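I have placed the structure first, in the form of structure tokens, so that the comments after it can refer back to it.
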Amino acid sequence: MVRVRFAPSPTGPLHMGGVRTALFNYLFARKNQGTMILRIEDTDQGRFVPGAEEYIMESLAWCGIEIDEGIKEGGKFGPYRQSDRKAIYRQYSDQLIESGWAYYAFDTPEELDRIRQEGMKAEGQEGKEKEEKSERQAFAYDTVTRMSLRNSLTLPAEEVRSLLASGASFVVRFKMPENHEIIMQDIIRGEVRVSTTTIDDKVLFKSDGMPTYHLANVVDDHLMEITHVIRGEEWLPSLPLHVMLYKAFGWTDTMPQFAHLPLILKPSGNGKLSKRDGDKLGFPVFPINWNNPETNEVYSGYREAGYFDDAFVNILALLGWNDGTDKEIYSMDELIEAFSLERVGKSGSRFDPEKAKWFNHQYMLLKSNEEIAERFLDELSTLDKGPRVREDDRKGLGTEEDDKNDSTMPEEEWDRVVKIVSLVKERAEFVKDIWSQSWFFFEAPTTYDESVIKKRWTPEMPAILKEIINLLSPFFVIPAEAGTLSLTTELEESEPLIATEYEKLIKDYITSNSLNMGSVMNILRLCLVGSSMGPGVFDIMELLGPDEVVARIERAAEVIS
RNA sequence: GGCCCGUUCGUCUAGGGGUUAGGACGUCAGAUUUUCAUUCUGGUAGCAGGGGUUCGAUUCCCCUACGGGCUACCA
């Protein structure tokens, strides 16, 4: 039975690299009918950030990453928050001391800092004689230095006992064996060997009574019966320690398998993508908006930037993984089906925001017009733009509950929006682009592109436009003389013109009068849209209806000439 | 500095001892179109360098370079 965990620390928002780690855990779990666990690693009380835990859960939920065991979901291996498991760790720390794998250390952080400083100076002087630029050897609490520091290895047993009894502050350190080669297996990287002489005596248990990541992680993974540890490459350097810990506890037989994922790098410049990048890079690094409770700053997320949840997951999945085919668009189910850790690459990947947009565009095309229309209307209601939905109708529009297409919107209006979406979505990357591609369906242009006028407008144009108006007037929905009147009865009686009928009407007129197709069409577009953009002129006419088309032509002719 | 990991077009990547080194994004050009865009077609561009091993290395090994990670009583 496969059991994996995603174990973030609630020190702030999760960034996209963290989400990808969660995703790979999830895909692996589902692929193997295993269990996905969310464990909150909050052993550093100093770095606790309010709201981060909720943020993590909401982000994963948005991505469709389902948790089987966790704080909210429960499970037999709880609690799932390390601060709630505090009582557990002490006994394991004690166990290691009893078995000689760990020891008490009484050096204060200040003392150690001072030693580090001095070491730097001493090395610097020494280095001067040899090589000016030689860097100092960083101090390490290790197999050689530990014998000259204040700990239960150097102090008389008596003194250790009285120190502990007096409540002196202490930490527990792992006693890294000397000169031992640790051979590790990583699913992604293969065999990794490290000599223990290069590893220092890591703190396992802090003076505040909490374990460090290393202890908590190993103890919890063991207790929670984790079978595979899938985490970022930044943990690879501590793998030897963890492996030694399993050995020290006598848990080698049930030690999980490890897979260290390559990192996601910034698109330009150096380094891995980091939380601190915030919005500096010109694209979001967070899955959903993050409101920093300390500064009240808001950092943008993919959700709010307009990315579809499935597109975002797809983008993440292909950062460092592929199934060996040319396929690039995957649903979550397809990802689960195709996923394997063996096909995760070894090298870090730079994130390409341009390609991310392309992915979103692909999902735009894939989704139904109705789904896009709903999102579009939601977007418009927050922008306070768009269809002339009456005030009382609009009330029903923005509310969260209203998932199905807005019942308060008249059906013809809804159909019209869907039609508009179908016309412009192929040229949109995000739902918000749909407005900039289609606003002229909802409001008449007030300005007219000068360059088009300059290029296409001729003295004969007013007469030509007049002729076109005459061509269309027989199809008015609202008779010119009538005032406000009931349009329902009129609508039922006359079928509105469709695009091909407009096309025939106008093209016939143009050819029979041997006019220039390009000029007339472009001027027509200019009248309707105000510039040279948008879908086919006849499609625009169909959706606008003859009354509006004529009104716009009249207004444009007046303004331009 | 030390330890560890990595290195195929600008980017994401496939491939793997003998290939015209494949795809995608981007970019450029052409075609289509009444416009912008889409779309289509085509082009551009890559095995970090040096040594081995081998009949033959981009592929295997070593070194160097470069990139990245870690080096806290943070995770």
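All of the numbers you see were taken from the coordinates with simple rules; none came from a lab. Bear in mind the structure is a predicted one, so any value in this text is a computation, not a measurement. Here the Cβ positions follow ideal geometry from the backbone for every residue, glycine too, while neighbour counts run over all protein chains shown.
Pairwise inverse Cα distances across the stretch A:236-382, averaged and inverted, put the Kirkwood hydrodynamic radius at 18.2 Å. Every Cα-Cα pair of the stretch A:263-329 was included, and the share exceeding 18 Å stands at 47 percent. Max-minus-min Cα coordinates of the stretch A:292-341 on each principal axis give 45, 22, 16 Å, with the largest extent listed first.
If you take the beta carbon distance between A:LYS455 and A:GLU304 as r and set R0 to 51 Å, what does 1/(1 + (r/R0)^6) give as a FRET efficiency, to the nearest 0.05? About 0.80, to the nearest 0.05.
Label separation (A:ARG343 vs A:MET517): 4.8 nm, computed from points 7 Å beyond Cα along the C-beta direction. Rounded to the nearest 20, the Cβ-based charge dipole of the stretch A:191-295 about its Cα centre (Lys and Arg +1, Asp and Glu -1) stands at 340 debye.
Taking a ≥ b ≥ c as the square roots of the eigenvalues of the alpha-carbon gyration tensor, the stretch A:495-538 is classed oblate because a/c is 1.5 or more while a/b is no larger than b/c. Each principal axis of the Cα cloud of the stretch A:1-79 was taken in turn, and the coordinate range along them, longest first, works out to 37, 27, 16 Å. Taking the empirical scaling 2.2 N^0.38 Å for compact globular proteins as reference, chain A has a Cα radius of gyration ratio of 1.38. One compactness figure for the stretch A:224-285 is 1.54, namely its Cα radius of gyration divided by 2.2 N^0.38 Å. Placing R0 at 30 angstrom, the Cβ-Cβ distance between A:VAL2 and A:ILE329 gives a FRET efficiency of 0.65 after rounding to 0.05. Beta bridges from DSSP with both residues in chain A: antiparallel share about 55 percent, rounded to the nearest 5.
Relative to the longest principal axis of the Cα atoms of chain A, the long axis of helix A:461-472 makes an angle of roughly 90 degrees.
Going by alpha carbons, how many degrees (0 to 90, nearest 10) lie between the helix axis of A:499-512 and the longest principal axis of chain A? Rounded to the nearest ten degrees, it is 50.
For the stretch A:318-384, the percent of C-alpha pairs falling in each 10 Å distance bin, counted from 0 to the bin holding the largest distance, reads 16, 36, 29, 15, 4. Calculated on the alpha-carbon coordinates, the convex hull of the stretch A:144-243 measures out at 122 cubic angstrom per residue. Full extension of the segment from A:ASP279 to A:ASN369, taken as 0.36 nm per residue of separation minus the current Cα-Cα distance, would add 29.3 nm. Inter-label distance, A:LYS86 to A:SER195: 4.2 nm, where each label sits 7 Å from its Cα along the C-beta direction. With the Kirkwood sum run over all distinct C-alpha pairs, the stretch A:137-185 has a hydrodynamic radius of 12.9 Å. Computed from Cα atoms, the angle from the helix A:52-63 axis to the main principal axis of chain A rounds to 50 degrees.
Looking at the stretch A:185-342 alone, DSSP beta bridges between its own residues are antiparallel in about 45 percent of cases. Site pair A:GLU118 and A:GLN257 shows an inter-label distance of 4.9 nm when each label is modelled 7 Å from Cα along Cα→Cβ.
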